[in-house]
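Please treat every number below as a calculation from the coordinates, not as lab data. Predicted model, so just to flag it, every value in this text is computed and none were measured. Using ideal geometry, Cβ is built from the backbone for each residue, glycine included, and neighbour counts are taken over all protein chains shown.
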Amino acid sequence: MTKNTSFKTIENAIRAKQFMPIYLFQGEESYYTDLLTNLLIQSVLDEVEKDLNQTIVYGSETNVPSIINICRKYPMMAKRQLIVIKEAQALKNINDLIHYVKQPLSSTILVINYKYGKLEGRKKLVDEIAKVGIIFESKKIINSKIPDFIIDYLKGKQIEINFQIAKIITDHLGNDLSKIVKELDKLSIVIPIDQKRITADLIEKNIGISKDFNNFELQNAVAVRDILKVNRIAFYFEQNPRNNPLILTLNVLFGFFVNLMICQYEKDQSQKHLMQVLGFKWNFQIANYIQAIKHYKPTKTMNNISLIRQYDAKAKGVKNFSVNQGKLLVELLYKLMH
């Protein structure tokens, strides 16, 4: 098999009961690796076969010799046995699995779920797995693509959401897909049967995102240097720190000024061209940048990017021993606009 097989290809094969002896699921984004792992748990064995033929272990609680011993056993009253190593990044001496991988049993399906990274420095093991099994790397989705993920996910549940509200959810929850899906599933349960549409009121009541005071509205206000609105939102964030973590706000502001700098150095600053450059699909996405070009000079934009980096470090405790995160945000926003 080839390395880095696509998610859809693997999913379709599993649903068609076309199994391979070894699966390595790895990468920074655990949402997709967990989806495939759970799909195998659901698909390989019938419920009555699982008691005797399914073993799920965690990397921190087992060792390679034990795993190899289980893998080399034959199934009991079933065609296959399934062994799943969850959080395999915590498994010591994982490279020793190569002794089994070189000669796997056709009746054993071994799933290695390696989270938050890759099997770096273990090229021989990865190459051997590629010869007999499936390798899938789940990469982090960039923030600009997450609203589309939210729209598509809800569409699969026959629920509508507009891009603007999807962006508000993204700005509030960050790029952790598992966390986002958990909140979307919660919304899909509480949504009225006759509505089937996610609204700003719904997310405010159930996720805690204010429809008036959120990172999306903050970015809009910063773009046009609306000091009064910025101060109101900053005060709200300071009073509600749990629902408005500073790190997420800094990520939004950083992304905004980086994109603004790109726009400022484009010769063609028409709406159509800038949307193409930034990969935007909706007119309202570029409106802020067209306005911000009038309010910020390129030198100020570059200085703001540097400022946000400094305050990101402070938010993480670097050279900051007393100022709370709410005060840091107020201080930063003042400097960004003056």
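Key figures for this structure:
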read-out: 16 Å cut-off, amide nitrogen to a point 7 angstrom out along Asn93 Cα→Cβ, residues in the stretch 51-68; value: 59-68
read-out: Signed unit charges on C-beta, dipole axis of the chain, positive-most listed residue Tyr265, Leu228, Tyr23; value: Tyr265
read-out: Length-normalised contact order for the chain - Cα pairs under 8 Å, 6+ apart - percent; value: 15 percent
read-out: For the stretch 81-153 and the stretch 276-338, distance of Cα centres in Å; value: 37 Å
read-out: Förster radius 35 Å - calculated FRET efficiency between Gln310 and Asn162 (Cβ-Cβ, nearest 0.05); value: 0.50
read-out: Spatial separation of Cα centroids for the stretch 207-254 and the stretch 1-73, in angstrom; value: 42 Å
read-out: Gain upon complete extension [Arg122, Ala200; 0.36 nm per residue less C-alpha separation]; value: 23.3 nm
read-out: Sites Glu266 and Asp148, calculated FRET efficiency, Cβ-Cβ separation with R0 30 Å, nearest 0.05; value: 0.80
read-out: Order of Arg122, Arg309, Arg80 under a 10 Å beta carbon neighbour criterion, fewest first; value: Arg309, Arg122, Arg80
read-out: Counted charge near Leu260, where neighbours are those whose Cβ lies closer than 14 Å (Asp, Glu -1; Lys, Arg +1); value: +3
read-out: R0 of 22 Å, Cβ-Cβ distance His338-Val258: FRET efficiency to nearest 0.05; value: 0.60
